[in-house]
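The values are calculated or read from the model by the stated rules, or taken from the named source; none is laboratory data. Bear in mind that the values here come from a model prediction, so they are computed numbers and not experimental data. Cβ sites come from the backbone with ideal geometry, for glycine too, and all protein chains shown count toward neighbours. What goes into the accessible areas is simple: the full protein's heavy atoms, side chains included, and nothing from ligands, DNA or RNA. Shrake-Rupley method; radii C 1.70, N 1.55, O 1.52, S 1.80 Å.
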Amino acid sequence: MAKVGIIGHGVVGSGVASILLENADVLAARAGEKIELGGVCDLREFDVSYKHLFTKDAQEIYAAPDIDIVVECMGGKGLAYKFVKAALENGKHVVTSNKELIATCGTELEAIAAKKGVQLRYEASCGGGIPVIKPLEEDLGANRLTRVAGILNGTTNYILTRMREGGVSFETALEEAQQRGYAEADPSADVLGWDARRKICILAHVAFGTPLDDSAICSEGIDKLTQEDMLYARELGRAVKLLGMAELLPEGWRASVAPAMLPDTHPLACVNDVFNAVMVHGDRVDDVMFYGRGAGTAPTASAVCGDVLDIVRHPKKVGGRVECSELPALSSFTRELHLFLRVNVALTEETRAAVVSVFPQARFVQLDGEAFADEFALVTEQGAEDELLRRAEKLTAMLPCGAPIRYLTL
Ligand code: HSE
């Protein structure tokens, strides 16, 4: 029998307890032995059937002699770091859904796990319930993986979908996402793109061997997007998505998070609501796409328990990661794209001339209706991202432009 202790009985931790109790037969059949809930640490009180298992002292979980696997679902870095480190040092396997912890302290924690001969698993840190980390390591393990791109945050995808399809405001959509348990405790991590940045950092690490340090990754969120941007996107046959992308090239690697306009026909364009999707390119398999619920109690707990099950089945996992630590982080993608820009003045001969002086091949977009009389939008010619962003800044100095959105020709 294997015993599991949970630290943090919130959105994810309560789901893990529920699976361990209610799907115990399924887990036992697949593991070949019983997997039992041995304890739960939380400072709050919960009126649940297993309240006798609760403690307010994390040490009673991470240092308990009979706990084999510690599941950390507290989130954040401070205490979670302390408890995960202590659990690993005590020879416990650790499963966590904590992307912030892994994307910042993962290198140190993985080293401790390796030294202690235990596993540190974090499938639930990326893509909620979607199995992606293990498939990259195992099922696609025969490939040189060179590209990962995806919709990695459920909250922002939910907000963008509601803004586009329900016509609701950003604030209302965010409130709904919070009520459904999708958003982080501080939802600015979702909205500003930090959560997606942590996830692309983790996925690039698993796929290419890049460092677990998300500070090297540029990110933009969806906080500057408006409902009007959605209308322009619709007019252009596109959908606005917050996209995380990472690429491995012979000369280096690059990862970033930014809003993008995707053609309606692109597989990622129809990933809506809280769903996430990850596209991976391998040299042998070509493109593979993973799709599922990116946030929420049950899907995320499903991923946590999948890791628990795998540890019970294979406690002595061998093998390691591919490495690319000698390669530098590059500042821009090599792929060429267009920018979409909104200009907050009427389209006159003068303003048109100003745009053309910066983007000679700009394609102008004007929406019908009085509300759009004093503004227009444009799609720039194709070019390197950095160069186009420099020119967009130049145009903004001449005309009041909104934040650019990458207009990808995927
Ligand atoms: N806040 C995260 C999201 C939770 O919305 O994707 C899952 O990681």
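Pairs of alpha carbons in the range 244-353 separated by more than 16 Å make up 78% of all such pairs.
A straight chain from Glu235 to Glu33 at 0.36 nm per residue would run longer than the Cα-Cα distance by 67.1 nm.
For the set Lys82/Lys115; Lys34/Lys134; Lys77/Lys199, the pairs lying more than 21 angstrom apart at their alpha carbons are Lys34/Lys134. Protection proxy ranking, highest mean first, for peptides 383-395, 67-79, 293-305, 315-327: 293-305, 67-79, 383-395, 315-327, where packing is the per-residue count of other beta-carbon atoms within 10 Å, averaged. Among Val148, Val285, Val16, the largest mean-square fluctuation in a Gaussian network model of the chain (Cα springs under 10 Å) belongs to Val285. If a paramagnetic tag sat 7 Å from the Cα of Thr107 along the Cα-Cβ line, which residues of the range 186-203 would have the backbone N under 15 Å from that point? Under 15 Å, as judged by backbone N against the label point of Thr107, lie 201-202 of the range 186-203. Taking all protein chains into account, the per residue accessible area for the range 133-293 stands at 38 Å² (1.4 Å probe). With R₀ set to 22 Å, the beta-carbon distance separating Cys218 from Glu251 gives a calculated FRET efficiency near 0.75. Restricting the calculation to Cα atoms, the range 235-308 yields a radius of gyration followed by a Dmax of 14.8, 47 Å. The gain in end-to-end length when the Ala63 to Lys115 segment is fully stretched comes to 17.0 nm, 0.36 nm per residue minus the alpha carbon separation.
For helix 99-116, what angle does its Cα long axis make with the longest principal axis of the chain, in degrees from 0 to 90 and rounded to 10? So the inclination is approximately 40 degrees. Only protein atoms count toward the accessible area here, which uses a 1.4 Å probe; on the range 336-407, the carbon and sulfur part of that area reaches 50 percent. The DSSP beta bridges internal to the chain are antiparallel in roughly 65% of cases. Placing unit charges on the Cβ atoms only, positive for Lys and Arg and negative for Asp and Glu, gives the chain a dipole magnitude near 900 debye about its Cα centre. Computed across the range 336-407, the Kirkwood hydrodynamic radius from all distinct Cα-Cα pairs reaches 12.0 Å. If the segment from Glu336 to Phe364 were pulled out straight at 0.36 nm per residue, it would be longer than the present Cα-Cα gap by 8.1 nm. Here the range 294-320 and the range 242-269 have alpha carbon centers that stand 27 Å from each other. Is the range 19-134 best put as rounded, prolate or oblate by its Cα gyration tensor, with a ≥ b ≥ c the root eigenvalues, rounded for a/c under 1.5, and otherwise prolate when a/b is larger than b/c, oblate when not? It is rounded, given that a/c, with a ≥ b ≥ c, falls under 1.5.
Size descriptors for the chain (Cα atoms only): Rg and Dmax, in that order, 23.0, 77 Å. Computed over the range 133-293, the Cα gyration tensor eigenvalues convert (square root of 5λ each) into semi-axes of 27, 17, 14 Å, ordered from largest to smallest.
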